[in-house]
1. Examine the stretch 151-164 for a residue that is out of contact with any strand residue (DSSP E or B) (no Cβ under 7 Å at 6 or more places or on another chain), of a type in the set (Gly, Ala, Ser), at pLDDT 85 or above and within 30 Å of Lys103 (Cα to Cα), and state whether such a residue exists.
2. So, in the stretch 141-166, of the ones that are open to solvent by less than 60 Å² (accessible area, probe 1.4 Å) and touching a helix residue (DSSP H, G or I) at 6+ places or on another chain (Cβ under 6 Å), which residue ends up nearest to Leu181 (Cα to Cα)?
3. Can you name the residue in the stretch 167-186 that is of a type in the set (A, V, I, L, M, F, W, C) and farther than 30 Å from Lys103 by Cβ and, of all such residues, is most open to solvent (accessible area, probe 1.4 Å)?
4. Taking only pairs six or more apart or across chains, which ones have beta-carbon atoms under 8 Å, a first residue in the stretch 170-186 that is part of a helix (DSSP H, G or I), and a second residue that is of a type outside the set (A, V, I, L, M)?
5. Out of all the residues in the stretch 107-151, which are among the basic types (Lys, Arg) and over 57 Å from the mean Cα position of the chain (by Cα)?
6. Just to be sure, is Ala112 exposed (fewer than 11 other Cβ atoms within 10 Å of the Cβ) and under 22 Å from Lys185 (Cβ atoms)?
7. Can you find a residue in the stretch 126-140 that is open to solvent by 100 Å² or more (accessible area, probe 1.4 Å) and at pLDDT 90 or above?
Amino acid sequence: MKTKLLLLVFAFFSFLTGFSQEVKPVNKDSVSAIPIAISKNKSTDQTAINERKSAEKELKAAEKQKKEAQRESDKAEKSRKKAEKSKLKEEKAQKKRDREAKKEAKAEKKIAKAEKAVQKTNKKLDSAKKDLDKMKAKLDKSTARGKLTDVEIQKQNVKISKKQLDISELEADLIKAQQNLDKIKR
């Protein structure tokens, strides 16, 4: 046990000497060395403080520039979004104007079509009335001469009746076409 203790103490001292630092003898007076060391430390501390302050200033300036750049990018993004919204609004307004123009053109076509139908029905009605007048005149002329038999007169009267029915149908169609035109114009 004693040998173990002795070896342990020896190992401890060798460990201490192995890791100890070399000390150089100082020829100067210890009192004069302290102010120099302090002044050196002050100048090193002052430069370190100055460097730290300048680094902080640079860091603040960089943060300020970063914030300013962020603000600018936010402004640019907002203006871009605003421009997109206004563009979309303008496109919607243009589409609405186009739809309105198409509706107006469609309404004008309907009106023109209805007017054309009224005119066509009027022409048919006039033509049918002229034909009826001709048929009546021909029947009167033929009966005045006495050339027609009772059966032929009845046939002519049936034709005249049919023509009168056609005329009444055309008049009804004309009224419908006129009402349709009035309805479309509103």
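1. no
2. Lys163
3. The selected residue is Ala172.
4. Filtered contacts from the stretch 170-186: Leu170/Thr121; Leu170/Lys124; Asp173/Thr121; Leu174/Thr121; Leu174/Asn122; Ala177/Thr121; Leu181/Glu115; Ile184/Lys110.
5. Within the stretch 107-151, the subset among the basic types (Lys, Arg) is 109-110, 113, 116, 120, 123-124, 129-130, 134, 136, 138, 141, 145, 147.
If the condition is that a residue be among the basic types (Lys, Arg) and over 57 Å from the mean Cα position of the chain (by Cα), then Lys129, Lys130, Lys134, Lys136, Lys138, Lys141, Arg145, Lys147 are the ones that fit.
6. No.
7. Yes, the stretch 126-140 contains a residue that is open to solvent by 100 Å² or more (accessible area, probe 1.4 Å) and at pLDDT 90 or above.
The values are calculated or read from the model by the stated rules, or taken from the named source; none is laboratory data. Please read these numbers as outputs of a predicted model, since none were measured by experiment. Cβ: placed from backbone, ideal geometry, glycine included. Neighbour counts: every protein chain shown. Note: areas computed on protein heavy atoms with side chains; ligands, DNA, RNA excluded. Shrake-Rupley method; radii C 1.70, N 1.55, O 1.52, S 1.80 Å.
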